Amino acid sequence: MRLDFVGFSMASIALRFCAAWLVVGSAVLAHANEPYKPKLGQPGKDVMWLPTQDALMQRMLEVARVGPQDLVFDLGAGDGKIAIAAAKQFGARAVGIEYNARLAELAQRQVTQAGVSHLVKIIQGDIFKEDFSSATVLTLYLLDELNQMLRPTVLSMKPGTRVVSTSFAMGDWEPDEVIQVSATEDRYRTPTGYYWLVPARIEGQWQLNGWPESNPNAPAILRITQRYQRVAGTFTFKGVTQPLLGAQLKGAELSFSCVDAQGALKWVRARVQQQDAQEMTGEILGAYGQPETPVGPWELKATRIKP
Ligand SMILES: C[S@@+](CC[C@H](N)C(=O)[O-])C[C@H]1O[C@@H](n2cnc3c(N)ncnc32)[C@H](O)[C@@H]1O
């Protein structure tokens, strides 16, 4: 009787134990089957996860003139929203680089759900190790100091590469445009973005072949000083040196005005094909870019003669 009682209670304990495990096990399984939900502000390798607000994302991609010809890289892609929007709304190809494996998986799932797998690739990797030099547009939502760490790499990219950053600037490399949107989803987060065009490195001395009346013995010489996209300089011809007027560098293209030997205003436009190019090609037009007939425009080929 006593033994039966003990036997009964042992069996009942074992049953209860199994039942408890079943409950815990099914709860664990149910949790494992739940889709991964990242938490706003959750830590990341070098920066936490927060998504760029929709209105700002839309405006930044518009300001960067993203289109079907582009390859957009989002550095620190989070849930993939920028890469997906670049493809779905602007027709671009896009690559998102995300360090957190679960976020990268989530981003990949969302790419599939959005029907843009043919345009978007998600890479689980480190933005400081992955190669993004093929980007025509770069999107960032990192931190001031991370932007500054990336800055030398960004400045070595093809001239004219477009860069947009949520919230954080690039130190003393001034943006070409500050992007602000009025609609804000979260009143504690400032919806500000920044836009840059990667400037060509053109500092130095150039000989302008094609300048009217110039020849190899009497060349026209251009001297350029540069700080990021800000350029200035002088133009020397027939022993007369003058400052460049309205010099502008927009990505790969330099333009400026100066006065020719007859005292007429000329407008010069020239472009480089890559960083640290030794040649610029372009044209010389009349004042303010007006074509001069019947003689102009003149074809220009500039050669860098000193760095
Ligand atoms: C502020 S969120 C931006 C997410 C997305 N780009 C956006 O604007 O919506 C930054 C993301 O970078 C990721 N991250 C942090 N350090 C990283 C690294 N070294 N390499 C790749 N991703 C990183 C974080 O996990 C996070 O998802």
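Assorted remarks:
- Extension gain (nm, one decimal) between residue 215 and residue 42, 0.36 nm per residue minus Cα-Cα: 55.8 nm
- Placing pseudo-labels 7 Å out from each Cα toward the beta carbon at residue 117 and residue 130 gives an inter-label distance of 1.9 nm.
- Angstrom value of the Kirkwood radius, inverse mean 1/r, which spans all Cα pairs in segment 204-306: 13.6 Å
- On a per residue basis, the chain carries 55 Å² of accessible surface, using protein heavy atoms and a 1.4 Å probe.
- Residue 65-residue 174 pseudo-label distance in nm [points 7 Å out on the Cα-to-Cβ vector]: 2.1 nm
- Rolled with a 1.4 Å probe across the full set of protein chains, the surface gives residue 283 an accessible area near 50 Å².
- Virtual spin-label span in nm between residue 88 and residue 192, 7 Å along Cα→Cβ: 2.9 nm
- Normalised by the number of residues in the chain, the mean separation of alpha-carbon contacts (under 8 Å, six or more apart) gives a relative contact order of 11 percent.
- Using alpha-carbon coordinates, inclination of helix 54-63 to the longest axis of the chain, degrees: 20 degrees
- Förster radius 22 Å - calculated FRET efficiency between residue 236 and residue 153 (Cβ-Cβ, nearest 0.05): 0.05
- Of 301, 266, 81, 121, the order by accessible heavy-atom surface (1.4 Å probe, DNA, RNA and ligands excluded), from most exposed downward, is 121, 301, 81, 266.
- Tilt relative to the chain, helix 144-155 - C-alpha long axis, 0 to 90 degrees, to 10: 50 degrees
- Computed extension gain for residue 290 through residue 259, at 0.36 nm per residue and net of the alpha carbon distance, reaches 9.7 nm.
- Measuring only protein heavy atoms, the 1.4 Å probe finds residue 150 accessible over about 10 Å².
- The angle between the Cα long axis of helix 81-90 and the longest principal axis of the Cα atoms of the chain comes to about 60 degrees, rounded to the nearest 10.
- Mean sequence separation of contacting Cα pairs (under 8 Å, at least six apart), scaled by the length of segment 175-307, corresponds to a relative contact order of 21 percent.
- For residue 157, the solvent-accessible surface with a 1.4 Å probe is about 10 Å², rounded to the nearest 10.
- Heavy-atom accessible area order for 132, 168, largest first, 1.4 Å probe: 168, 132
- Our summary gives segment 54-197 a relative contact order of 25 percent, counting only alpha carbon pairs under 8 angstrom and 6 or more residues apart.
- Calculated mean residue ellipticity at 222 nm for the chain: -8500 deg cm²/dmol, from DSSP H runs with n ≥ 4 weighted as -39500 (n - 2.57), summed, divided by the residue count and rounded to 500.
The values are calculated or read from the model by the stated rules, or taken from the named source; none is laboratory data. Treat the numbers as computed from the prediction; the structure is a model and nothing was measured. Using ideal geometry, Cβ is built from the backbone for each residue, glycine included, and neighbour counts are taken over all protein chains shown. For accessibility, only protein heavy atoms count, side chains too; no ligands or nucleic acids. Shrake-Rupley method; radii C 1.70, N 1.55, O 1.52, S 1.80 Å.
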